[in-house]
1. Of a type outside the set (Ser, Thr, Tyr), assigned to a loop (DSSP other than H, G, I, E, B), out of contact with any helix residue (DSSP H, G or I) (no Cβ under 7 Å at 6 or more places or on another chain) and at the interface with chain A (Cβ under 10 Å from one of its Cβ atoms): is that true of B:GLU171 in this structure?
2. Given the conditions (1) modelled with pLDDT of 95 or more; (2) of a type in the set (D, E, K, R); (3) over 23 Å from A:PRO192 (Cβ atoms), and given that A:ASP94 satisfies all but one, which numbered condition is not satisfied?
3. For the list (1) under 18 Å from A:PRO129 (Cβ atoms); (2) touching a helix residue (DSSP H, G or I) at 6+ places or on another chain (Cβ under 9 Å); (3) within 7 Å of chain B (Cβ to nearest Cβ), I need the number of the one condition that A:ASP78 fails.
4. What pairs come up if the first residue lies in the range B:144-156 and is within 12 Å of chain A (Cβ to nearest Cβ), the second is at pLDDT below 95 and buried (at least 23 other Cβ atoms within 10 Å of the Cβ), and their beta carbons are under 9 Å apart, counting only those six or more places apart or on different chains?
5. Give the residues of the range A:22-80 that are of a type in the set (A, V, I, L, M, F, W, C) and more than 22 Å from the chain's Cα centre (by Cα), sorted by residue number.
6. Restricting to the range A:149-172, what's the tally of residues that are of a type in the set (Ser, Thr, Tyr) and assigned to a loop (DSSP other than H, G, I, E, B)?
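The values are calculated or read from the model by the stated rules, or taken from the named source; none is laboratory data. This is a predicted model, so every value here is computed, not measured. FYI the Cβ positions are ideal-geometry reconstructions off the backbone, even for glycines, and counts take in every protein chain you see.
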Amino acid sequence: MSDNRPVGAGSLRPRDLAWHPPAHAPGYKTSVLRSPRRPLIAHEATLSEVTGPVFGHEAIGPLDNDLLRNFVAATRGDGEPIGPRILVHGRVRDESGRGVPGALVEIWQANAGGRYRHLNDRTVAALDPNFGGCGRTLTDETGAYRFRTVLPGPYPWPNGVNDWRPSHIHFSLFGPAFGQRLITQMYFEGDPHIPLCPILNAIPDARAVRQLVAPLDMDATQPFDARAYRFDIVLRGPRATWFENRPEGL
Amino acid sequence: MVQDPTLLKETPSQTAGPFVHIGTHPWTVGVEGVFAAQPGQVVAGPDCPGTRIRIEGRILDGDGQVVRDAVVETWQADPNGIFASPVDPRHERVATGFTGWGRFACSFADGAFAVETVKPGPVPGPRGTTMAPHICLWIVARGINLGLSTRLYFPEDAAANAADPILARIESPQRRDTLIAEPWGEGAYRFEIRLQGEGETVFFAT
């Protein structure tokens, strides 16, 4: 490989914006004043979008992906969080189906009562002294990740007069490219709040909604300990073609 | 009939919501000590060569109200235009102590965020072009359904900005100007991001 060659133009597949919720989704009221009204300016991905930060294993602690333990350990307590114990696991892949190794996966969530440990959460439900609600991990060489946590509770939120969020876990994902950056939410199979949620239903295509609902995974369940849910994630890509698609002369 | 080169669909985005800080900046909202490292807090370490700069920013909504619950990520090249990423074939020559990535929570009090970094160099662009020094920004918050991508360019680089292939995609000079930071004293700049309405910042899709 000769040095100093920029990565080729067009090397990140254009994002299908129709698959994502539109910026302006009036059923989700906060989006009304926070949505750009001008068209997005489209340009091919450049070196600035196909590169991205690298996270090493040295940055991740051994309890970072164990929400059942990580807050208790930080507060030097000895209790257990309240609520149904669950494992959340899956694979991060690109659009070609290749696993994305070394991807930083960060999650945050409410406790089993539907309360976030956040100074701005004024929900009536109680904080859990043994639960913080954040975790992070790096995917392994196949793109697989795993967390241990409690099932978050649904909670009311100020949008309509009686809107409730389905149980959900927020996910933040880094692939190798800053242009792959994604934040999303994972929902749980069978939650009756799913068809009622204005945030989830801002997504126009029902197949895209289904992509956010994790099924119960009995195979991965830990008997007499924790049920498992499987949540697979797809990032833009694919990375391998970034090296194959350099235009002539570069 | 032809073959069906089936690709997987990207996982759809959902808003980061009002409690994003628990995931990105837990130590600022009452979840201290869970993580040993705080990613995104140092873009350019003390040993990093280059011109030190400070960017003071804030985000305004369609009513001109300051957004206080957003998180802003920045990504940039080093002073020689090299990224700290193995995707950049030149990455072994990246500046000492330089990560190029920052993550900043807007202040709950006044919405301000500040980026301490070094000024990036020009970066190779598509088809032999050169992109003017710039910082990529990615903005998430309650009410933002898909993270918003924009770029900050520098006011002293008028000639380089005029030749920049990405700025050239923006037809209106007024709109292009929304991406040029304001000088804000010695080594400092101000960058106001308007989500909607008059002076709406240019956001990109790639």
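1. On the way: of a type outside the set (Ser, Thr, Tyr): yes; assigned to a loop (DSSP other than H, G, I, E, B): yes; out of contact with any helix residue (DSSP H, G or I) (no Cβ under 7 Å at 6 or more places or on another chain): yes; at the interface with chain A (Cβ under 10 Å from one of its Cβ atoms): yes.
Yes; evaluated as a whole, the condition is true for this residue.
2. Against the list (1) modelled with pLDDT of 95 or more; (2) of a type in the set (D, E, K, R); (3) over 23 Å from A:PRO192 (Cβ atoms), A:ASP94 comes up short only on (1).
3. Condition not satisfied by A:ASP78: (3).
4. Sorted first by the residue in the range B:144-156, then by its partner, the pairs are B:SER149/B:THR206.
5. The initial filter retains those residues of the range A:22-80 that are of a type in the set (A, V, I, L, M, F, W, C), namely A:23, A:25, A:32-33, A:40-42, A:45, A:47, A:50, A:54-55, A:59-60, A:63, A:67-68, A:71-74.
Hits for the range A:22-80 are A:VAL32, A:LEU33, A:LEU40, A:ILE41, A:ALA42, A:ALA45, A:LEU47, A:VAL72, A:ALA73, A:ALA74.
6. The initial filter retains those residues of the range A:149-172 that are of a type in the set (Ser, Thr, Tyr), namely A:149, A:155, A:167, A:172.
If we keep only those that are assigned to a loop (DSSP other than H, G, I, E, B) as well, we get A:167.
Qualifying residue count for the region: 1.
Every residue, every condition in (1) farther than 26 Å from B:GLU186 by Cα; (2) not hydroxyl-bearing (Ser, Thr, Tyr), yes or no:
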site	(1), (2)
B:THR15	yes, no
B:THR24	yes, no
B:VAL42	no, yes
B:ILE53	no, yes
B:GLU56	no, yes
B:GLN76	no, yes
B:PRO86	yes, yes
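Every residue, every condition in (1) part of a loop (DSSP other than H, G, I, E, B); (2) in contact with a strand residue (DSSP E or B) (Cβ under 9 Å, 6 or more places away or on another chain), yes or no:
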residue: B:GLN3; (1), (2): yes, no
residue: B:THR6; (1), (2): yes, no
residue: B:GLY23; (1), (2): no, yes
residue: B:GLY33; (1), (2): yes, no
residue: B:ILE59; (1), (2): no, yes
residue: B:GLY64; (1), (2): yes, yes
